[in-house]
Amino acid sequence: MEARAIRAVSRNRSAVGVVVAYMVTLGLIGSGNIGSTLARLAVDSGLDVVLSNSRGPETLRDLVAELGPRARAATAAEAAAAGDWVVVTIPVKAYQQVPREPLAGKTVLDTGNYYPQRDGNIPELDKKETTDSGLLQGYLGGDVHVVKVFNNIYFKHLGLLPRPAGAADRSALPIAGDDAGAKAQARELLDVLGFDTVDAGPLAEGRRFQPDTPAYGLPYASAADFMNEPPQPAPVTAIEAALAAAGN
């Protein structure tokens with residue numbers, strides 16, 4: 001990939017938050033609540049965005065119009081091919097619909113959470129033989145590097161909590177992955193979007209910030225019913241404590 005330097009300036013961070021990035025396009029496989037929120041943050045930060053969903057590019061016309069000239073709709077394979085960062089943000093049950101070939105050699109950021117009531121029962125996950133992101137990694141193969149991220153925060157809070165680097169009220173998001181280079185790329189994207197990073201360890205450690213853990217949703221709100229609460233900043237120390245509370 002040819003590196004191109006850009007000045008990514010988030011509207012949330014004002015002129016103070018100028019970041020030089022060497023990746024310029026965010027590809028989204030899935031454009032629901034998390035995907036569309038990430039698309040808004042990316043465009044706001046000066047990145048180009050290629051969106052896709054399971055229903056076809058024409059169904060994304062209104063979202064693309066809202067996002068403006070930095071955004072376009074495409075098929076999942078086209079979004080995968082175009083993305084310097086590629087986010088998979090679909091129900092876990094649909095993981096085998098992710099196009100493999102255009103993702104070869106890339107970092108894939110997985111937002112998935114396994115909900116049996118939505119996804120049906122997946123034996124490997126029910127038996128805890130792997131994690132949801134581990135399932136995706138196994139399907140995509142060893143030349144793709146999956147990083148777990150964006151799954152532990154309510155999408156409305158994700159859209160409201162970005163802050164400039166160094167801000168006292170900047171929030172952190174946990175990541176997990178087996179490849180150091182892929183995690184560095186994930187960290188770069190989080191910084192561009194306005195978040196610090198806490199490295200939870202290998203991909204299997206993503207289980208420590210899945211649903212029903214202390215790091216899921218709760219650090220970013222003031223009450224257990226976090227989906228109905230306004231966001232509150234969750235710094236690195238808060239996320240580290242929540243991960244530790246989840247145990248090994």
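Residues being basic (Lys, Arg) and within 15 Å of LEU47 (Cβ to Cβ): count how many of those fall in the range 166-200. Walk me through how you get there before you give the answer.
First pass over the range 166-200, keeping only residues basic (Lys, Arg): 170, 183, 187.
Still in the list and also within 15 Å of LEU47 (Cβ to Cβ): none.
Residues flagged as basic (Lys, Arg) and within 15 Å of LEU47 (Cβ to Cβ) within the range 166-200 amount to 0.
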Margin query: Exactly one of these conditions fails for TYR95: (1) among the hydroxyl-bearing types (Ser, Thr, Tyr); (2) closer than 27 Å to TYR139 by Cβ; (3) at pLDDT below 95. Give me its number.
Written below: (3)
Notebook entry, point to check: When only residues in the range 131-169 that are of a type in the set (Gly, Ala, Ser) and within 30 Å of THR237 (Cα to Cα) count, which is surrounded by the fewest Cβ atoms within 10 Å (Cβ to Cβ)?
Noted result: ALA168
Check: Of (1) over 30 Å from GLY105 (Cβ atoms); (2) out of contact with any Asp or Glu (no Cβ under 6 Å at 6 or more places or on another chain), SER222 satisfies all except one. Which?
Finding: (2)
Notebook entry, point to check: For GLY56, are the conditions met, namely being of a type in the set (Gly, Ala, Ser), surrounded by fewer than 21 Cβ atoms within 10 Å (Cβ to Cβ) and more than 18 Å from the chain's Cα centre (by Cα)?
Noted result: yes
Item checked: Every residue from the range 228-248 that is part of a loop (DSSP other than H, G, I, E, B) and either surrounded by 20 or more Cβ atoms within 10 Å (Cβ to Cβ) or at positive phi (or both) -> ALA234, GLY247
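Determine whether the range 15-33 contains at least one residue that is assigned to a helix (DSSP H, G or I), surrounded by fewer than 21 Cβ atoms within 10 Å (Cβ to Cβ) and modelled with pLDDT of 95 or more.
From the range 15-33, those assigned to a helix (DSSP H, G or I) are 15-17, 33; that's our starting set.
Going one step further and asking which of them are surrounded by fewer than 21 Cβ atoms within 10 Å (Cβ to Cβ), we end up with 15-16, 33.
After this cut, where a residue has to be modelled with pLDDT of 95 or more as well, the list is 33.
Yes, because at least one residue in the range 15-33 is assigned to a helix (DSSP H, G or I), surrounded by fewer than 21 Cβ atoms within 10 Å (Cβ to Cβ) and modelled with pLDDT of 95 or more.
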Checklist line | the range 198-220 residues that are assigned to a helix (DSSP H, G or I), paired with ones that are among the basic types (Lys, Arg) (beta carbon under 7 Å, 6 or more apart) | finding: LEU203/LYS148; GLY206/LYS148
Note to self: What are the pairs with Cβ atoms under 7 angstrom where one residue, in the range 169-182, is farther than 15 Å from LEU193 by Cβ and the other, located anywhere, is in a loop (DSSP other than H, G, I, E, B)? Sequence gap at least six, or different chains.
What the structure shows: ASP169/ARG163; ASP169/PRO233; ALA176/ALA200; ALA176/GLY201; ALA176/PRO202; ASP178/PRO202
Next item on the list: Please verify whether the range 208-227 includes one or more residues that are buried (at least 20 other Cβ atoms within 10 Å of the Cβ) and of a type in the set (D, E, K, R).
Entry: yes
Next item on the list: Search the range 104-120 for residues that are without any contact (Cβ under 8 Å) to a residue 40 or more places away in the chain and pair each with any residue that is acidic (Asp, Glu) and not in a helix (DSSP H, G or I) when their beta-carbon atoms are under 9 Å apart and the residues are at least 6 apart or on different chains.
Entry: GLY105/ASP143; LYS106/ASP84; LYS106/ASP143
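The values are calculated or read from the model by the stated rules, or taken from the named source; none is laboratory data. Just so we're clear, the structure is a prediction, and the values are computed from it rather than from any experiment. Using ideal geometry, Cβ is built from the backbone for each residue, glycine included, and neighbour counts are taken over all protein chains shown.
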